[in-house]
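The values are calculated or read from the model by the stated rules, or taken from the named source; none is laboratory data. Just so it is clear, the structure is predicted and the values come from calculations on it, not from any experiment. Cβ: placed from backbone, ideal geometry, glycine included. Neighbour counts: every protein chain shown.
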Amino acid sequence: MAEKKIFAGHGLRRLRRTLALTQVAMADSLDISASYLNLIERNQRPLTATIILKLVSAYDFDPRSLTHDEPGGGEESLRRRLSDALFDDISIDRSQMQEWMAAAPDTAHAFAMLYDAYIAAPKAGVDKQPKPEPVRAEIERWNGYFADLDMMAEGLADELRQSSNDLYNAISERLRIKHQIVVRILPYDVMPNLLRRLDLHARQLQISETLSSSGRLFALASQLAQLEADEQIDNMVKGAGFDARACERLFRRHLISYFAAAVLMPYQRFLKLCESSGYDVNILQHRFGTSFEMVAHRLTSLQRIGERGLPFFMMRLDRAGQVSKRYSGASKSPLIEGDQRCPLWNIHDAPKMPGRIIAQMIALEDGSKWFTIASSHYKNDRLMTVRGYDDNRTEFTIVLGLKAEFAKKMSITAGLDIDGGNYQSIGLGCKLCTIQDCAQRSAAPNDKLLVFNEREREITPFSFVDD
């Protein structure tokens, strides 16, 4: 029987360098020539079972590790990177890819590392809409709507509704009867740093008493998602083809939360109330027992064919203006991109008025008009902190927005002149903004020639020449 052949030159070279051996030294231990070892490392000769046995005998390692780390994550992973619009003018077929990986695996790996660093790094003045991280890119590829999960969650919600009008009790009973898991609310001192925990030994879903009612409901729905939609979620994660384990875990977390929200806010019932209430966020959160943030996120996902909702984007900012969530849904809005926000956008005023909804009509430099609402809330899941109810609580601003042409369907716009009203002109942050004579400007725009006149002082500290 012919012995099995494996091409794993990159892994062999990695092993040799880890052991600090020259090709001559390793070749001697394997009873082969250095030139032959060189061919193996370049994938021009196979790594036979005989040589693998000699490697294991000489260096005592797991032979499976030789094939675990292909250059750049493997051929398909490199191909995904090369499908970026950056390389539209370059045509690389499969044979070229294989030759590259075989002849120069380290350069292939270096390319992958550089490309990933390029995607992750902010590009001031190059891309006005920087490419999103891999997980968000996958979410945006679906327009924030996962049809199969949504339909499954809606069916489950109907089942739960038939068993009880109280959704919390209905989910608790389903966990107890179908999965033999009992829900327990535990004191803060027992779970000081946890919101929920699944204790499989005791068959308990343990929930902190510090969770609000909407937080407890979401915790139960999230656990149900992991038990009843686990296979579907795993398949979607595998289908995304992420290169990094962390990306897989983050995407999985997103899909679990998505399914939980879809159980709490079933698509058709949620959309029906959206349309009848004029997308009134307060009515929606009270009717479904959820938080402002949960409703805002759900609004970005209403993209079912034939039953589409308004195309919202959603963003969550902390007190320092840092973005911890951003979903464009079907809006494809540039307002959520980048790390800077215009100070003339009134979302920055929301923390001064917790719980209130503030609205604004804004216009961007490209001529597009948008309507946004913002509201600042303490983090929805915690009722208290170590120091008490009002001290040191976590606060976030939730922003919802959509193109002004769609805003007429919202009850909050009643009395506003959406067509011809006064829109506030804003930019996408000072470094990307080319609006002249802005007294609020705190930085010069990128790639613009500055003008200095010592005889005059204008209202803006940075004057520049337009293209």
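The table that follows gives values for the structure above.
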quantity	calculated
Segment 215-237 residues that are in contact (Cβ under 8 Å) with a residue 12 or more places away in the chain, paired with ones that are surrounded by fewer than 19 Cβ atoms within 10 Å (Cβ to Cβ) and outside any helix (DSSP H, G or I) (beta carbon under 6 Å, 6 or more apart)	217/289
Failed criterion for residue 293 (all others in (1) surrounded by fewer than 20 Cβ atoms within 10 Å (Cβ to Cβ); (2) part of a helix (DSSP H, G or I); (3) acidic (Asp, Glu) hold)	(1)
Sole exception among (1) surrounded by fewer than 21 Cβ atoms within 10 Å (Cβ to Cβ); (2) at pLDDT 95 or above for residue 355, by number	(2)
Qualifying residue in segment 341-359 (condition: among the polar types (S, T, N, Q), in contact with a Lys or Arg (Cβ under 7 Å, 6 or more places away or on another chain) and closer than 17 Å to residue 429 by Cβ)	no
Per-region count, segment 264-288, residues under 21 Å from residue 414 (Cα atoms) and hydrophobic (A, V, I, L, M, F, W, C)	6
Of all residues making up segment 429-464, the number that are among the basic types (Lys, Arg) and under 30 Å from the mean Cα position of the chain (by Cα)	1
Residue among 321, 367 that is free of Cβ contacts under 8 Å to residues at least 12 places away in the same chain, of a type outside the set (S, T, N, Q), within 28 Å of residue 443 (Cα to Cα) and assigned to a loop (DSSP other than H, G, I, E, B)	367
Verdict on residue 205 being more than 21 Å from residue 158 (Cβ to Cβ) and at pLDDT below 90	no
Top-ranked residue of segment 304-327 - restricted to ones that are over 14 Å from the mean Cα position of the chain (by Cα) and either surrounded by fewer than 11 Cβ atoms within 10 Å (Cβ to Cβ) or assigned by TED's automatic domain parsing to the domain that holds residue 145 (or both), ranked as nearest to residue 401 (Cα to Cα)	322
Scope segment 45-70; condition at pLDDT 80 or above and part of a loop (DSSP other than H, G, I, E, B); matching residues	45, 46
Which numbered condition residue 198 misses (of (1) out of contact with any Ser or Thr (no Cβ under 9 Å at 6 or more places or on another chain); (2) in a helix (DSSP H, G or I); (3) not acidic (Asp, Glu))	(2)
All positions within segment 435-459 that are crowded, with 16+ Cβ neighbours inside 10 Å and among the β-branched types (Val, Ile, Thr)	435
When residues of segment 236-249 are limited to those that are among the aliphatic types (A, V, I, L, M) and either under 21 Å from residue 152 (Cβ atoms) or buried (at least 19 other Cβ atoms within 10 Å of the Cβ) (or both), the one farthest from the chain's Cα centre (by Cα)	236
Qualifying residue in segment 325-345 (condition: within 16 Å of residue 395 (Cα to Cα) and not basic (Lys, Arg))	no
Residues (touching a Ser or Thr at 6+ places or on another chain (Cβ under 7 Å) and not in a strand (DSSP E or B)) located in segment 173-192	173, 188, 191
